[in-house]
Each structure stands twice: as C-alpha cells, then as structure tokens.
Amino acid sequence: MSLTSAATLATLDRTGPRRITDLAAVEGVTQPAMTALVRVMEGSGLVERRGDVSDKRVTLVCLTEAGASYVRTRRQAGVHAFERLIGELTGDEVEALVAALPALKRLAELESQDREGPKG
C-alpha cells in the first residue's frame, strides 16, 4: 500500500467521512489522483462512498470496517516496533526520550492541524 493510501485511511479514521476534494487537499495530491486512489481503495473494500445526509449533492468517502481494521493493525505494528527499539536504549537515552515527549506531542498536534487544514 502506498504512503498516500495509508495516510488517507488514517485521515478518515481520525476525522471521519470526507469529500474527495477535502482528502486531496489534506493529503497534498490532486483531486483526480485522489479520485483514482479512492477507486482503488474502494475496490479493495477499505473505503466506500456514501451520500451526505445534510447535502444530497455531496458524496463522502467513508472508512469500512476492513479499512478501520487495517489502520488499527498498522498502528499496532508501529507500537511494537517502537517498543522493541526503545528496549535497546540505555537508561539515559530513555530518560532523554521521556523528557522530549511534550515537544514531540506538540509537533504531532501541529502536523495534524496542518494536514486537516483550517477549521470552520
């Protein structure tokens, strides 16, 4: 799976159903590229398109249970990889990592805000 596909699934998991144009903007790709990507992920059963109940003209891309399961599995694999790597650090290195956690958390928040775009 491409990084853009995985990132798109993670975005849908984190933010809920989105328009293709919104997903394209968040993931930094063109609308035609996102349309093609959604079509492939739809064919794989990871996403589905649904009408927006608040605006019948709009189609939203939604994560399926298979897509949500993929995101959970991928995240869990990342957790296990970090656990293994952290286990190889010295005590001082672990302490330095713990001390850096607030700054790393803030970076993640900023990145998330950047990817989701302006609110409102």
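The values are calculated or read from the model by the stated rules, or taken from the named source; none is laboratory data. Worth saying up front: this structure is predicted, and the values here are computed from it rather than measured. Note that we place each Cβ from the backbone using ideal geometry, even for glycine, and neighbour counts take in every protein chain shown. Quick note on the areas: whole protein, heavy atoms, side chains included, nothing else; ligands and nucleic acids left out. Shrake-Rupley method; radii C 1.70, N 1.55, O 1.52, S 1.80 Å.
Per-structure values
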read-out: So T21, is it more than 14 Å from the chain's Cα centre (by Cα) and β-branched (V, I, T); value: yes
read-out: Residue under evaluation L85, criteria (1) modelled with pLDDT of 90 or more; (2) of a type in the set (A, V, I, L, M, F, W, C); (3) under 22 Å from R14 (Cβ atoms); (4) open to solvent by 70 Å² or more (accessible area, probe 1.4 Å), criterion not met; value: (3)
read-out: Search result, residues across the range 44-61 that are open to solvent by less than 70 Å² (accessible area, probe 1.4 Å) and either aromatic (F, W, Y) or over 16 Å from A6 (Cβ atoms) (or both); value: E48, G51, D52, D55, V58, L60
read-out: Test: S69 is crowded, with 18+ Cβ neighbours inside 10 Å and of a type outside the set (A, V, I, L, M); value: no
read-out: Subset of the range 11-70 (residues that are of a type in the set (G, A, S) and part of a helix (DSSP H, G or I)); value: A24, A25, A33, A36, G43, A66, G67, A68, S69
read-out: Single match in R115, R106 (criterion: within 23 Å of the chain's Cα centre (by Cα), closer than 20 Å to A7 by Cβ and either in a helix (DSSP H, G or I) or at pLDDT below 85 (or both)); value: R115
read-out: Tabulated pairs, the range 23-36, first more than 14 Å from L9 (Cα to Cα), second open to solvent by 70 Å² or more (accessible area, probe 1.4 Å), C-beta under 8 angstrom, 6+ apart or interchain; value: Q31/T21
